[in-house]
Structure formats: C-alpha cells, structure tokens
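Q: Provided herewith is a single structure, encoded as structure tokens, for subsequent inquiry.
The values are calculated or read from the model by the stated rules, or taken from the named source; none is laboratory data. Everything numeric in this text was worked out from a predicted model, so none of it was measured. Using ideal geometry, Cβ is built from the backbone for each residue, glycine included, and neighbour counts are taken over all protein chains shown.
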Amino acid sequence: MNPFAVFQKSNIHIVSAQGSYVYDEEGRAYLDMYGGHAVISIGHGHPRYVNAVRQQLDRIAFYSNAVENKLQDQLALELGKQSGYPEYSVFFSNSGAEANENAIKLASFHTGRSKVLAMSNAFHGRTSATVAATDIGSMRAPINENFNFVFTPFNDISSLRKQLETEVFCAVIIEGIQGVGGIHVADDLFLNQVRSACDDTGTLLILDEIQSGYGRSGRFFSHQYAGIKPDLITVAKGIANGFPMAATLISPSFKPVMGQLGTTFGGNHLACAAAMAVLEVMKDEELLHNTAVVGDFLQEALKKIPGVEDVRGRGLMIGVEFEKDITALRKSLLYQEGVFTGYAGNYTLRLLPALTFSLEQAQVFLEKLKRALKNEG
Ligand SMILES: Cc1ncc(COP(=O)(O)O)c(C=O)c1O
C-alpha cells in the first residue's frame, strides 16, 4: 500500500526539528518560514511542550467525552482569558474543517436557516459544508456543489448587504486574513460593517481564525484589530503546536443542546495537555508582542527588496507578491539556501514562521532571500 498521492511534495525527508529550524536525514538545517503550514506556534520541540506531552502520556493519553475531563475545563478557562472571550463556550474538535463544520451547523440550528454567505477566494476546509464554502471549484466534487452556499466579493459591503437583506442566510463566514487566497486582510471597516449587516438581518457572523488566529497576527485574533465580536470563532493550526486539535468558540447567546454536536477524539487528554502548554508559553514568552515586533520588521524590510510588488498581512502571516513567477525562487530558497516557504498562487510567497521567530532569524532569512533572488538573476 502507498499513501494516496494528492500532495505536491518536496523531496526532503525531515527527521527532527528545534525552534525555527527543521533537519533532514543528512543533518542539513532548514529555516522554517512555513511553520508546517502555520501550525508551529511556539517553535518546534519547545521543552515545556515536550515535557507536558510526555508527562500526560505517562498518565493517560485518551478517554472519551463520556466522562468529565478537568483538562478541558482548565484549557477552556485559560483560552477564554488569553483570547479575550471569557464569556464564550468552547467545543473542542480535531481539525480546522471540523471546527468550521460545527460553527456552520450551530448557526443553522440557531437561526433555522440553511444558507451560508462566504467570500470570494475563501478557503474553509475539505469537509462537505466547508468545501462548499470554499471558492476553489477544483476542490468540490459534484456532491459538494450546493446551492446553500453563495459567494460575495471580499471587502465589498454593498454586495454583502444586498445578499443578507434576503434574510435567508444563517451565517456569514469570513477568514480574518485570507490565507490560501493570497494573504488578504479583512478590512477593519468592512468587518464592522459586516457585523452591523448581520445584526440588522438576524444573520450570525463566523470568523474563521484557523490560520490568522492564535497570535499569528500579533493579536490573539486578527479580527480584534477591528474591535468586533463574532458569534462563532474557529481555531486550529497553532492551538497545540502540531498535535491535531481545533476548537469552535461559541457566544453566550447559544444554549447547548444534548447530542447536537459530538466527537470521539476531540478534546482528549493529550490534546488538552499540548494546547495548555502552548497557552502557557504564549503568555510567559509574550509571543503576541514578539509576533507584532518581528512581523513589522520583516514586512518593512521585505517592501524594500527589488522585485517585490506588494507585502500584505499582519504579524507573522505575510504574503510577499513578486513581479515574476516564484516557482524557481522557492526552489532556490529550499535547495540552495535551506529555507522552507509557502505560496499562494504563482507570484506570492507565504511566510508563516513560528511565533517565537526572532529578529536575528528574520535577518538570516532576508539575506538568504536576497541571495536567492540574485542567483536567480
Ligand atoms: C482559513 C482556514 N480554514 C480552514 C482550514 C482547514 O483546516 P484543516 O486542514 O485543519 O481542516 C484551513 C487550512 O489551511 C485554513 O487555512
């Protein structure tokens, strides 16, 4: 048997990692500007994280949601405090798609409506509802083509308002910063206007902070720059620094109904221990502050590099758009300079390093990028 070949892969075998570096079988170091796709929040192999997971493994790794789990309560309390949403409830699950699927389902249960309004260029996951809310036709099978999902232009309030005035939508779903779509920030004004339009039409607002949340923007959630409060917020990726976990944050206007949501693995003991270690490190090492400082420095420096057309994003979620196709540049960065990067389309580099990424490491990256651009000619 072979793994089903649906991923475009680099021919590099990563066997270990520390901080912002990963290492291949020959011991070659790579600077990780990709964070395993925005998943590595507190850095690879953080000693507090490793110890917390190890100790939990010695006690118990898993038991089902059929029994009380104090670790979930402790995690919920700390997440509420650090995120600025202490009055919300949380439902733990296992992947970003699942967190969004649960948010969409809750919005529909709550309003009795069945349509969802999503943004052009959106990406929300691969499960039935989330892929239907994803504006990439090639990812949708015929069974996912679903008239309940409608797309409206990103950052365009008049089109959105017109749709919501029909009062058939249970929810609007928006990424705080569009990731797969090319690192486009949801404007603060737009988010405020969306919040008002939702309130006026009995529609719920879901903020997908799966990539842009958990400190990546320099605030806990990227929508907090706009000063709004969504009804539902989804998180995954950085929540447990690589241990599969996700969560849906739910406003107090929702009352839980027995059996409406469920999961076998979600919120298990090991996942909670990993996620708790992440929050402790985020707080103690002031990673939101570091992300904002290093992110600003990197963005300003990137703007000055010849050949760079545009730099977008917030904190350490950065899109660098080049005048030329970046395929050769990414290869040169990886194989000659030893740097992992992400991409969005053919012209935009996607940078998503750990939130522990330092100013010194940012300098190292900038030198490597300049050299790769020069060698490319
Ligand atoms: C904004 C956004 N939403 C949802 C998802 C889906 O998350 P997962 O792959 O964990 O299901 C992703 C993953 O890249 C994402 O970036």
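Residues are listed down the side, and each one gets a yes or a no for (1) surrounded by 22 or more Cβ atoms within 10 Å (Cβ to Cβ); (2) more than 16 Å from the ligand (Cβ to nearest atom); (3) among the aromatic types (Phe, Trp, Tyr):
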residue: ASN69; (1), (2), (3): no, yes, no
residue: LYS81; (1), (2), (3): no, yes, no
residue: TYR85; (1), (2), (3): no, yes, yes
residue: SER108; (1), (2), (3): no, yes, no
residue: ARG113; (1), (2), (3): no, yes, no
residue: ALA129; (1), (2), (3): yes, no, no
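Q: For ILE104, are the conditions met, namely being within 29 Å of THR152 (Cα to Cα), modelled with pLDDT of 95 or more, within 16 Å of the ligand (Cβ to nearest atom) and surrounded by 14 or more Cβ atoms within 10 Å (Cβ to Cβ)?
A: yes
Quick grid of which residues meet (1) assigned by TED's automatic domain parsing to the domain that holds VAL278; (2) touching a Leu at 6+ places or on another chain (Cβ under 9 Å); (3) basic (Lys, Arg):
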residue: GLY27; (1), (2), (3): no, no, no
residue: GLY35; (1), (2), (3): no, yes, no
residue: ILE40; (1), (2), (3): no, yes, no
residue: GLN56; (1), (2), (3): yes, yes, no
residue: ALA61; (1), (2), (3): yes, yes, no
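Q: For residues that are touching a residue at least 60 places away in the same chain (Cβ under 8 Å) and charged (D, E, K, R), scanning just the range 352-375, find the one that is farthest from LEU287 (Cα to Cα).
A: Among those that are touching a residue at least 60 places away in the same chain (Cβ under 8 Å) and charged (D, E, K, R), it is LYS370.
Q: Something else about it: Within the group GLY213, GLY238, GLY259, which residue is under 24 Å from ALA52 (Cα atoms) and part of a loop (DSSP other than H, G, I, E, B)?
A: GLY213
Condition check ((1) of a type in the set (A, V, I, L, M); (2) touching a residue at least 40 places away in the same chain (Cβ under 8 Å); (3) over 15 Å from ALA76 (Cβ atoms); (4) away from the ligand (no atom under 16 Å from the Cβ)) across all residues:
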{"position": "GLN193", "(1), (2), (3), (4)": "no, no, yes, yes"}
{"position": "PHE221", "(1), (2), (3), (4)": "no, yes, yes, no"}
{"position": "ILE239", "(1), (2), (3), (4)": "yes, yes, no, no"}
{"position": "GLY242", "(1), (2), (3), (4)": "no, yes, yes, no"}
{"position": "ALA273", "(1), (2), (3), (4)": "yes, yes, no, yes"}
{"position": "VAL278", "(1), (2), (3), (4)": "yes, yes, no, no"}
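Q: Tell me which residues, restricted to the range 216-235, are surrounded by fewer than 24 Cβ atoms within 10 Å (Cβ to Cβ) and not in a loop (DSSP other than H, G, I, E, B).
A: GLN224, TYR225
Q: For the range 158-184, name all the residues that are acidic (Asp, Glu) and buried (at least 23 other Cβ atoms within 10 Å of the Cβ).
A: GLU175
Q: Can you name every one of the strands (runs of 3 or more DSSP E) wholly within the range 270-364 that holds 3 or more residues which are buried (at least 19 other Cβ atoms within 10 Å of the Cβ) and touching a Phe, Trp or Tyr at 6+ places or on another chain (Cβ under 8 Å)?
A: The qualifying strands (runs of 3 or more DSSP E) are 348-351.
Q: Now for a different question. Please return the ranges of helices (runs of 4 or more DSSP H) entirely within the range 117-203 where 3 or more residues are over 22 Å from GLN224 (Cβ atoms) and among the aromatic types (Phe, Trp, Tyr).
A: Where helices (runs of 4 or more DSSP H) fall fully within the range 117-203, none carries at least 3 residues being over 22 Å from GLN224 (Cβ atoms) and among the aromatic types (Phe, Trp, Tyr).
Q: Quick one: in the range 129-154, of everything that is hydroxyl-bearing (Ser, Thr, Tyr) and out of contact with any helix residue (DSSP H, G or I) (no Cβ under 6 Å at 6 or more places or on another chain), which residue is nearest to ILE206 (Cα to Cα)?
A: Only one residue tops the list, namely THR134.
Q: Oh, and also: All but one of (1) farther than 25 Å from GLN361 by Cβ; (2) hydroxyl-bearing (Ser, Thr, Tyr); (3) more than 14 Å from the ligand (Cβ to nearest atom) hold for THR234, so report the exception by its number.
A: Against the list (1) farther than 25 Å from GLN361 by Cβ; (2) hydroxyl-bearing (Ser, Thr, Tyr); (3) more than 14 Å from the ligand (Cβ to nearest atom), THR234 comes up short only on (3).
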